[in-house]
Amino acid sequence: MASGQIDSVNPPGAAANASRRLGSILLDRQRAYITNGDRSNLTTATATSKGDYVVSVSFWMAEPPGISCFSVYCYKLPPDPTPRDFTVLPHVVGADGRFVLLRAQFYSHYGKDEYFMYKAGGYGESPSLEWVPLPDDDNMGTALGRVSEFGVVLGEHRDHYLLAALCDAPDAPADYHLRIYSSETKAWSTRTLLNPCPGVRKIIPDKVIALGEGSLGWVDFSCGLVACDLRQDPPVVRFIPLPEPLPGNRDKVEASLPIPGAAARSFRDLACFSGVLKFFEMERHMTEEPNDPTDKDVLYDSDLITSLKRNGVDEKKPKSRDCWRAVTWSRTVCSNFWRKECTLSGDDILVNETKHSALVSRLRGKACGKLTLSDLYSAFPTLRTDGDDILYLMSVAEPGDQSVWV
């Protein structure tokens, strides 16, 4: 699609000073604001694409729960005023620390993805934008185009990084190909990863998380994650199952096959901090049945894998009641079980009526003083990765609302 022109970038809650340093941000990864070239700040960096497009990227920071965004200005050499630059707008497909990977398609290379690595500036250092080449055997970008998110591993030198993409292995359908790009050598390499849990279907990753120095986890929110240490050759790989879905979410996971993670991501999230995995799941319609995972304090990997091998099918169809609840589980990366941390009830969590007066007014027939989280419709939980136990939720007052609160 052609890109529209947006002359100003002022997202809700955006900080006036774009150079302000924040511990973490909530970034709108899918929407790039397209500017006319007169909007820049201290985060702006520029690079040239393979087809001689000049691309400038700027970030506009907001203190969470405000949403940060990024803008793009693009023109073709020699300068061409025609705003027909992108067939696919730039969007984020990987990030870690000061590195953010963007993917886009240009009109002059219709159907071919191009990648750019943005590196935020440090003290006394300017930001940069670098064009990333495709692998030599993937001239059309079709193999990497199926990768929804890349892992980023920081190199020993702070300016270097590795990009890692988990792909299907056509020569060994049961296994994976791990494609790795090194910013130091400017080249791609491919390693074959044996499926660490053959009895369970191959994961379809929806998110990549850093598990520690040199290690990544590719997360399929319907079943588990494949953990890999990129420093090892051959790489050390293991499968970590996720807790079974809450009763009210089981049908959602089953109905979303063959791309189960796409639905499960709307009510689950996983983060890692200092070698500890933290898992969160919520459900809107709470069901009452004997096989509720929250009845247990510990979930062992062996039991979870056994359940996955039988597809986790439960013939019971229990009745549900309209109530919001959630549960958090944690474990170390190297352990073999999940331990329940806490359960939450939406009825016990009040929504501040002063800060959310506009949200309260959207709730028809609700008493403002009694507004709780159960009165809202929430999705896409996001755990912070700095170990402070903060969770963000996207919420609306009524299904179908266009106004969304975080």
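The values are calculated or read from the model by the stated rules, or taken from the named source; none is laboratory data. None of these values were measured; they are calculated from a predicted model. Cβ atoms come from the backbone with ideal geometry, glycine included; neighbour counts cover every protein chain shown. Remember, those area values only see protein heavy atoms, side chains included, never the ligands or the DNA or RNA. Shrake-Rupley method; radii C 1.70, N 1.55, O 1.52, S 1.80 Å.
Below is a table of values for the structure above.
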quantity	calculated
Filter result for the condition that a residue is open to solvent by less than 10 Å² (accessible area, probe 1.4 Å) and modelled with pLDDT under 95, over 275, 312, 261	261
Pairs where the first residue, in segment 282-300, is loosely packed, with under 14 Cβ neighbours inside 10 Å and of a type outside the set (Lys, Arg) and the second is modelled with pLDDT of 95 or more and in a strand (DSSP E or B), C-beta under 8 Å, 6+ apart	297/339; 297/340; 298/337; 298/338; 298/339; 298/340
Residue, farthest from the chain's Cα centre (by Cα), within segment 95-106, restricted to residues that are surrounded by 15 or more Cβ atoms within 10 Å (Cβ to Cβ) and of a type outside the set (A, V, I, L, M)	106
Residues within segment 321-363 that are among the aliphatic types (A, V, I, L, M), assigned to a strand (DSSP E or B), open to solvent by 20 Å² or more (accessible area, probe 1.4 Å) and modelled with pLDDT of 85 or more, tallied	1
Residues within segment 195-250 that are among the hydrophobic types (A, V, I, L, M, F, W, C) and touching a helix residue (DSSP H, G or I) at 6+ places or on another chain (Cβ under 6 Å), tallied	4
Any hit, segment 131-154, residues being part of a loop (DSSP other than H, G, I, E, B), of a type in the set (Gly, Ala, Ser) and more than 22 Å from the chain's Cα centre (by Cα)	no
Meets criteria (open to solvent by less than 60 Å² (accessible area, probe 1.4 Å), closer than 24 Å to residue 211 by Cα, modelled with pLDDT of 90 or more and not polar (S, T, N, Q)) for residue 120	yes
Strands (runs of 3 or more DSSP E) completely within segment 182-257 that count 3 or more residues being in contact (Cβ under 8 Å) with a residue 24 or more places away in the chain and within 22 Å of residue 334 (Cα to Cα)	207-212, 215-220, 224-229, 236-241
All positions within segment 125-140 that are of a type in the set (A, V, I, L, M) and either open to solvent by less than 60 Å² (accessible area, probe 1.4 Å) or modelled with pLDDT of 90 or more (or both)	129, 132, 134
Which numbered condition residue 146 fails, given (1) within 18 Å of residue 91 (Cβ to Cβ); (2) surrounded by 12 or more Cβ atoms within 10 Å (Cβ to Cβ)	(2)
Boolean, residue 39 is in contact (Cβ under 8 Å) with a residue 12 or more places away in the chain, over 21 Å from residue 134 (Cα atoms), assigned to a strand (DSSP E or B) and open to solvent by 50 Å² or more (accessible area, probe 1.4 Å)	no
Selection count where residues are under 25 Å from the mean Cα position of the chain (by Cα) and basic (Lys, Arg), scope segment 334-360	2
Scope segment 160-203; condition under 17 Å from residue 234 (Cβ atoms), hydroxyl-bearing (Ser, Thr, Tyr) and open to solvent by 50 Å² or more (accessible area, probe 1.4 Å); matching residues	189, 190, 192
Contacts under 6 angstrom Cβ, first residue in segment 385-406 being open to solvent by 70 Å² or more (accessible area, probe 1.4 Å), partner in a strand (DSSP E or B), 6 or more apart	385/271; 385/273; 394/379; 394/380; 399/377; 404/394; 404/396
Test: residue in segment 91-111 that is over 22 Å from residue 152 (Cα atoms), hydroxyl-bearing (Ser, Thr, Tyr) and touching a helix residue (DSSP H, G or I) at 6+ places or on another chain (Cβ under 7 Å)	no
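For every residue, the table says whether it meets (1) open to solvent by 40 Å² or more (accessible area, probe 1.4 Å); (2) modelled with pLDDT of 75 or more; (3) of a type in the set (A, V, I, L, M, F, W, C); (4) at positive phi.
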position: 10; (1), (2), (3), (4): yes, no, no, no
position: 13; (1), (2), (3), (4): yes, no, no, yes
position: 28; (1), (2), (3), (4): yes, yes, no, no
position: 33; (1), (2), (3), (4): no, yes, no, no
position: 46; (1), (2), (3), (4): yes, yes, no, no
position: 53; (1), (2), (3), (4): no, yes, no, no
position: 56; (1), (2), (3), (4): no, yes, no, no
position: 67; (1), (2), (3), (4): yes, yes, yes, no
